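Okay, handing you the structure first.
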Amino acid sequence: MFFRPMSCGLSDWSSIREEHQRHLLARCESVSEGLEEIGVRAQLHSVYSELFITETRGGSTELQRLETQFTKRNLPEPTLKLHDLFTPEEEAPPPARQAPPPLRLVLTLGVAGVGKTFSVLKFCLDWAQGSENQELQLVVPLSFREMNLLSTRRRYSLMELIHVFHPALRTLPPHALSVCKLLLVFDGLDESRLPLDFSCELVSEVTQGSEVSVLLVNLLRGDLLPHALIWITSRPAVANQLPARCVHRVTEVRGFFTELQKKMFFRRRFSDPQQLHRVLAHLRSSCSVSVMAQLPVFCWIFSSVLEHELKSGQSGQTGPLPQTLTELYALFLLVQTQRRRKYGGLSRETSELTSGESELLLKLARLALQQLLRGNISFYREDLEEVGLDLTEASVQSGLCSTVFMRESVIFQRSVYSFLHLSVQEFLAALHLHVCFSRGHSEELRDFLGDWDERASLHVLLRKALEKSFQSPSGHLDLLVRFLHGLCVPATRRLLGALLPPTDGSSVDKVIYRLRFMNTEVLPPDRSVSIYHCLSEMKEQTFLQELQEVLGDTDLLCSWDGSRRLSGIVCSALGHMLQMSEQVLEELDLRKFNSSNEGRRRLLPAVRNCTRGILSDLQLDSAHFAVVCSALSSSPSHLRVLDLSQNRVLDSDLEDLSEALQSPHCGLETLSLRGCGLTDITPLLAALRSRPSLREVDLRENRLQKRHVQELKQLQSAPYRLEELQQQHSGQGNEALCPKS
């Protein structure tokens, strides 16, 4: 029975539920986000990707998260089925242990386009069909994208809010929400334009009117419907809007996590075995493309371009396919334009853009940049009007507005629009910046850069854009800056015709020179790799050849002889590639590299993919220690030996290091902190007690306090079982508290 009848007094609640389920079925059973030909919808089950439980210690930016996931692609991970989303992990508790607290709020993270919304649709579809989660009496999905359309001048009660988006529940009495087992699903927190103030007024009744943002905060705090279950999806960049105390489980959608998933997708698109083999080989040939191919929607973009190139004969059977992301996205725009001509009955097959197509594309590009800078990936009529974009005719005439730019839903007689994927928006934003530069639109460049001299050259634009991306902790401009550099390449500019005039060869050479010799001293190791990606997008062959020679000579560092002097940018690129490699390094000894100390520090990200990390005497700072801590606490952690001797370790660094040592993923066995200026090692002592795998610790040449020495001596007894612990105190000699057996 749906409700407890004595509590709610409903005589016909089952018909309400059935009508609501029919409504959800109609909404969820098919999708059309760039997955089939224009106007054709695909069944949800054919595009759905599995959900995985993960730790949220991926990279700090979305691209870094994708790269981190890519390095784990061949590792088994426990899957979390959708129907177990609110089921606590099974444990074998002792008889006296209490049952774990209920999972009231689950947060699901995932980068743009990875499948969060599809997971929500799949969950709701399974429930509506009666196949899963039937213990839930009511499932109510609410999209932030649609809630943004609500009038800010009107106050809503929670009951009214549900009625707006789910008319089938209008006859449901208010008190029913409190007595049934209810799940509220809020999809797309990153698209919300509602301010979340967790100190706002109290709302505890479902009939009490307030601002929508206030209702949401009270639901999250548990003041409103404290027994209701809540599921929120979001991109990682904005997930920190939710206080940790409110979140009981964090999950992450991984898209096409395995190579088999990708192969199955492309097998459906390419029936010719030779073409399929070539497509998969090309996919693996570029690290950037392989990383992005975890996103189902990117695989569709990639396959659309390659399908067109192979069928049109422009690449023949052996000709070159698009080598960079920038070239791929430029071709994608042209492919969609030609699709428009096909469906519009036009016979013209030229790849050049008409004046009307160019004008529309430029308006879309201006919209892309404006809204990207505001943090918006969904748009409304007023956003389109701001750039002079009228889709009344364009939506009929242009393939760009049926696949690249789409109307996703209509409510309150208003439409919600978005680009096919965030990467498409970022490409168009980069295109707009180039157009502004070539046409002297200084005001818009100032909006982006903050200050701009209209007499400045191309390399100044790119340098300022790169510096701006470095200032963003979320990395939300990283891909835009890659595209910005890739659009300098003459071959790519020719694809876009009259939109971009030819670039002067000397200007491009100056850009490359500035990138190769940019001072990266002040950059965190994980961010400096953006320079490598920019050079790759510009097809800088000298740099790429040098990098390949280093990799070839060293056989992934197994036979490194130190004879080659490595520049800082080569070290950054090398560190990134070693981190991404399928082969785990046996040892990473940064002392062996013929480079400056700064160059050696650029290699630090590779420590995430090695078993022995020798990082002594490198003058590491807190940003570098953050990379080391990430290597220790990530899943999986390969590090078994870590030498940090002769590096100054601040108290905050020691706290972070100690926390990482206590991670359940850490398997470190040997740690050296010799000569690190340690005095107070209280956090480390806690880590030593809780880390059963850690067998050898070297703390010599530190001025340890007497009380810490006494505590260290206690570690020789069970259950700590340190095999060797070396320390030095007040000028005393080395003391092996637990000699090796």
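No lab work stands behind these numbers, since they all come straight from the coordinates. Treat the numbers as computed from the prediction; the structure is a model and nothing was measured. For neighbour counting, all protein chains shown are included, and Cβ atoms are generated from backbone atoms with ideal geometry for every residue, glycine included.
Multiply the residue gap between Glu586 and Glu18 by 0.36 nm, knock off their C-alpha separation, and tell me the result in nm, one decimal place.
Gain in length upon complete extension: 198.5 nm.
By count of other Cβ within 10 Å, fewest leading, how are Leu389, Leu276 ordered?
With the fewest neighbours first, Leu389, Leu276 line up as Leu276, Leu389.
Can you tell me the length gained on complete extension of the stretch His277 to Ser199, counting 0.36 nm per residue apart and subtracting the Cα distance?
Here the segment from His277 to Ser199 would lengthen by 22.4 nm.
Continuing with the same structure: Give, in nm to one decimal, the length gained when the segment between Arg707 and Arg565 is fully stretched (0.36 nm per residue of separation minus the Cα-Cα distance).
Values: separation 142, 0.36 × 142 = 51.12 nm, distance 4.68 nm.
Roughly 46.4 nm would be gained on extension.
Quick one: if the Förster radius is 35 Å, what FRET efficiency do His83 and His665 give, using the C-beta to C-beta distance and rounding to 0.05?
Working: r = 27 Å, r/R0 = 0.76.
It comes to 0.85.
Then there is this: Taking other Cβ within 10 Å of each residue's Cβ, how do Tyr532, Tyr380 sort, fewest first?
Fewest to most other Cβ atoms nearby, the residues stand as Tyr380, Tyr532.
To the nearest 0.05, what FRET efficiency results for Ser472 and Arg153 with a Förster distance of 41 Å applied to their C-beta separation?
0.75
Give Lys510/Lys539; Lys363/Lys510; Lys116/Lys363; Lys122/Lys181; Lys363/Lys464; Lys81/Lys262 a once-over and call out the pairs whose C-alpha atoms are over 26 Å from each other.
Lys363/Lys510; Lys116/Lys363
Further question on the same structure: 7 Å from Cα along Cα→Cβ at both Arg640 and His227: what's the point-to-point distance in nm?
Reported label-point gap for Arg640 and His227 is 5.3 nm.
With a ≥ b ≥ c taken as the square roots of the eigenvalues of the C-alpha gyration tensor of segment 121-239, please select rounded if a/c is under 1.5 and otherwise prolate if a/b is larger than b/c or oblate if it is not?
Because a/c hits 1.5 or more and a/b fails to exceed b/c, segment 121-239 counts as oblate.
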